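One structure follows; several queries about it will come next.
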Amino acid sequence: MRFSTFLCLVVLFAGVLINTPSAMALEPNPACLKEAKDTYEVCKAKCQDDFQTAKESCSNVNHDCAEKCGTDHQACIERSLEESETCKQGCQKAVEEAKEGCRDLKGGTPARRQCIEGAQTAFLECRDLCREDVSSDFKTCNAALSDCLKACH
């Protein structure tokens with residue numbers, strides 16, 4: 001038997017197997033998968049908490065104190081991210097307003113192109129400042145976490 005004939009038979013046989021009732025039964029049950037995933041997530045969170053508690057114990061760190069430090073750190077990070085998002089939204093609003101002013105200029109002219117390029121450049125610089133601010137805020141949050149954890153010994 002030639003190889004191409006053999007290959008055709010294999011593909012045909014595989015197609016028959018895929019369409020059999022037993023193969024169709026292999027389709028996942030969405031509710032069961034969701035329950036399994038939820039159980040996994042709960043288990044994972046518990047294991048992570050147990051690990052963190054053991055790690056803190058090995059380092060002679062008070063768990064409740066360290067947990068409060070972590071909560072405060074998370075709040076600090078979230079506050080910084082919110083401020084960054086507000087900053088970036090301000091940049092976006094400013095560039096839209098600047099481009100709106102550019103629309104008053106005749107289309108296709110060098111003046112209009114320069115106006116739009118200037119607005120976009122200002123937007124990028126504004127966005128970069130937002131990122132620098134959030135980076136600085138993160139450093140402050142991390143330093144506060146470090147100081148807090150040192151006090152937990």
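Just one of 126, 141 is in a helix (DSSP H, G or I) and within 30 Å of residue 153 (Cα to Cα); which is it? Write out each step before concluding.
Numbers: 126 fails: within 30 Å of residue 153 (Cα to Cα).
Checking each option against the conditions leaves just 141.
Follow-up question, since we're still on this one. Without any contact (Cβ under 8 Å) to a residue 24 or more places away in the chain and either touching a Phe, Trp or Tyr at 6+ places or on another chain (Cβ under 7 Å) or surrounded by fewer than 12 Cβ atoms within 10 Å (Cβ to Cβ) (or both): is that true of residue 112 in this structure?
no
Please give the number of the condition residue 104 fails out of (1) surrounded by 11 or more Cβ atoms within 10 Å (Cβ to Cβ); (2) acidic (Asp, Glu); (3) in a loop (DSSP other than H, G, I, E, B).
Looking at each condition in turn, residue 104 falls short on (1).
For residue 76, indicate whether it is at pLDDT 90 or above, more than 23 Å from residue 143 (Cα to Cα) and either under 34 Å from the mean Cα position of the chain (by Cα) or part of a helix (DSSP H, G or I) (or both). Don't jump to the end; show me each part of the working.
Working: at pLDDT 90 or above: yes; more than 23 Å from residue 143 (Cα to Cα): no; either under 34 Å from the mean Cα position of the chain (by Cα) or part of a helix (DSSP H, G or I) (or both): yes.
Answer is no for this residue.
Could you please give the count of residues in segment 116-140 that are without any contact (Cβ under 8 Å) to a residue 40 or more places away in the chain, in contact with an Asp or Glu (Cβ under 9 Å, 6 or more places away or on another chain) and more than 16 Å from residue 91 (Cα to Cα)?
Total meeting the criteria: 0.
I've got another one for you. Out of 14, 54, 111, 23, I need the residue that is aliphatic (A, V, I, L, M), at pLDDT 90 or above and in a helix (DSSP H, G or I). Which one?
One residue alone meets the criteria, 111.
The values are calculated or read from the model by the stated rules, or taken from the named source; none is laboratory data. None of these values were measured; they are calculated from a predicted model. Neighbour counts are summed over all protein chains in view; Cβ atoms, including those assigned to glycine, are modelled from backbone coordinates with ideal geometry.
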